[in-house]
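Please read the structure below before turning to the comments.
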Amino acid sequence: MTSIRKIIALLLVVPLLFSLCGCWNYRLLEDMGIVTGIAIDKGTDDKYELTMEIADAKSGKERMVDSHIIHSFGNTIFDAVRDGISIIGKKLYFSHTQVVIVSEEIAREEMNNVMDWMNRDSETRTDIELFVAKGIPAKDIFMVENSKDNILSFTMESMIENESSLSKARQTQTWRFANDLISPGISPIIPAVMLWDDSEEQTPMVEGTALFHDFSFVGFLDGTDTKNLLFVQDRIEGGLLTFPLTYQGKKLSVSLEIFENQTRFETNWTNSVPEINITVKTVVALDELQGTPGEIDEKLIVTLEQAAETYLKQHIEATIHLVQNQYGCDSFGFGNYIYRTEPQKWKEIQPDWDTIFPKLKVTVFPKVTIKNSASQQKTIFGGDG
């Protein structure tokens with residue numbers, strides 16, 4: 001028994017001794033090319049052009065406070081990655097990559113190759129933020145003068161995370177895009193990024209949505225249509241409803257802040273043909289009312305709620321018809337809902353879904369509730385308009 005105990009003790013101690021010898025694969029930060037963001041374009045001679053933001057890392061107590069840009073080329077994406085090593089003289093590390101931006105051309109014809117490389121590379125994470133550059137090469141996003149923040153990729157990650165307060169774009173990480181690709185009855189979407197010109201410089205702006213049918217990009221939705229898409233997908237977390245209203249002969253401009261939203265689907269069948277009814281229940285607050293005709297009483301609140309319901313119905317249904325008629329891709333997930341709730345019926349219609357979806361009858365039933373009208377019932381000017 002004593003011998004057995006000695007053997008067990010030895011087996012426990014030996015691994016501990018190895019752990020005290022330090023990190024066997026330890027590397028200095030200065031020896032690493034830490035890639036924080038990648039832009040992918042199609043270059044000349046049908047090659048891939050990669051524009052990579054490299055963090056200038058320093059060891060010790062100093063933080064990564066700066067970055068620089070490199071360009072590399074290759075016949076494949078991985079070939080272009082390896083070309084980058086010869087440019088900076090360091091191995092490139094993708095474990096801290098925050099964003100991948102693709103051009104419209106890549107999104108339309110090469111998105112399967114992008115996802116294949118990201119899936120096979122052992123260092124890339126599944127939570128990288130995806131973007132499609134709208135109207136410009138993807139590399140232009142990284143080429144702007146970056147005077148406010150040193151690492152642009154980190155800024156873009158923060159921008160898309162904070163979009164929930166506006167609901168004009170939806171965060172799409174690599175795992176979600178891949179999941180929507182393999183899920184029946186839903187087409188993937190990716191947020192759009194463009195350059196916005198202010199008085200002094202250009203800066204990236206995230207707004208709108210790139211629509212995909214399978215792996216292929218088919219078109220963009222603007223920020224307003226994206227908000228309507230998110231209403232259907234039950235992914236509204238904030239934002240505003242703004243619309244004009246004529247009340248008691250006076251023209252008002254209304255701003256309602258969205259606090260809560262709940263969207264539910266219901267399928268009705270007629271001779272094996274589905275119809276979708278969408279119930280949208282939204283809780284808002286009255287944030288701004290320009291040209292208020294006196295006291296904000298219950299009658300005005302009811303009128304505002306009804307006007308908001310009309311606004312939502314018209315605009316959400318208009319976005320659905322736009323996607324059906326112009327793009328033909330089920331970005332809303334109607335087919336996926338049928339697949340999850342009525343799998344046997346989905347099995348019957350799945351082969352024809354691409355022809356069923358553009359003709360699918362969808363009706364929206366909104367219910368808007370104003371939970372307050374701020375802290376006062378009268379306008380600051382006494383209510384004479």
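The values are calculated or read from the model by the stated rules, or taken from the named source; none is laboratory data. None of the values given here were measured: they were computed from a predicted structure. A quick note on method: Cβ atoms are made from the backbone with ideal geometry, for glycine too, and the neighbour counts reach across all protein chains shown. Surface areas here come from the heavy atoms of the whole protein model, side chains and all, with no ligands, DNA or RNA. Shrake-Rupley method; radii C 1.70, N 1.55, O 1.52, S 1.80 Å.
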(message) Name the single residue that is nearest to the chain's Cα centre (by Cα) among those in region 269-300 being among the hydrophobic types (A, V, I, L, M, F, W, C) and open to solvent by 20 Å² or more (accessible area, probe 1.4 Å).
(response) VAL283
(request) Exactly one condition in (1) buried (at least 17 other Cβ atoms within 10 Å of the Cβ); (2) in contact with a helix residue (DSSP H, G or I) (Cβ under 6 Å, 6 or more places away or on another chain); (3) under 28 Å from ILE236 (Cβ atoms) is not met by THR124; state its number. (result) (3)
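For region 251-267, which residues satisfy the criterion of being closer than 30 Å to THR341 by Cα and open to solvent by less than 60 Å² (accessible area, probe 1.4 Å)?
So in region 251-267, the residues closer than 30 Å to THR341 by Cα come out as 258-267.
Selection gives ILE258, ASN261, THR263, PHE265, THR267.
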(message) Of the conditions (1) at pLDDT below 95; (2) over 30 Å from PHE259 (Cα atoms); (3) in a helix (DSSP H, G or I), ASP140 satisfies every one except a single condition; which number is it?
(response) (1)
(message) I need the full set of residues from region 337-352 which are surrounded by fewer than 18 Cβ atoms within 10 Å (Cβ to Cβ), in contact with a helix residue (DSSP H, G or I) (Cβ under 9 Å, 6 or more places away or on another chain) and under 10 Å from PRO184 (Cβ atoms), in order please.
(response) ARG340, LYS347, GLN350
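To keep it simple, each residue is scored yes or no on (1) modelled with pLDDT under 95; (2) more than 25 Å from PHE154 (Cβ to Cβ); (3) of a type in the set (Lys, Arg).
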| residue | (1), (2), (3) |
| --- | --- |
| PRO191 | no, no, no |
| ASP198 | yes, no, no |
| PRO204 | yes, no, no |
| PHE215 | yes, yes, no |
| LEU221 | no, yes, no |
| THR224 | no, yes, no |
| LYS227 | no, yes, yes |
| VAL232 | no, yes, no |
(request) Check off (1) open to solvent by 40 Å² or more (accessible area, probe 1.4 Å); (2) aliphatic (A, V, I, L, M); (3) under 14 Å from GLN233 (Cα atoms) for VAL364 and give me the number that stays unchecked. (result) (1)
(request) Inspect region 290-308 for any residue being over 30 Å from SER164 (Cβ atoms), without any contact (Cβ under 8 Å) to a residue 60 or more places away in the chain and of a type in the set (Val, Ile, Thr) and give the result as yes or no. (result) no
(request) Give the number of residues within region 97-108 that are in a helix (DSSP H, G or I) and in contact with a Lys or Arg (Cβ under 8 Å, 6 or more places away or on another chain). (result) 3
(request) For TRP196, state whether it is in contact with a Ser or Thr (Cβ under 9 Å, 6 or more places away or on another chain), within 30 Å of PHE334 (Cβ to Cβ) and open to solvent by 10 Å² or more (accessible area, probe 1.4 Å). (result) no
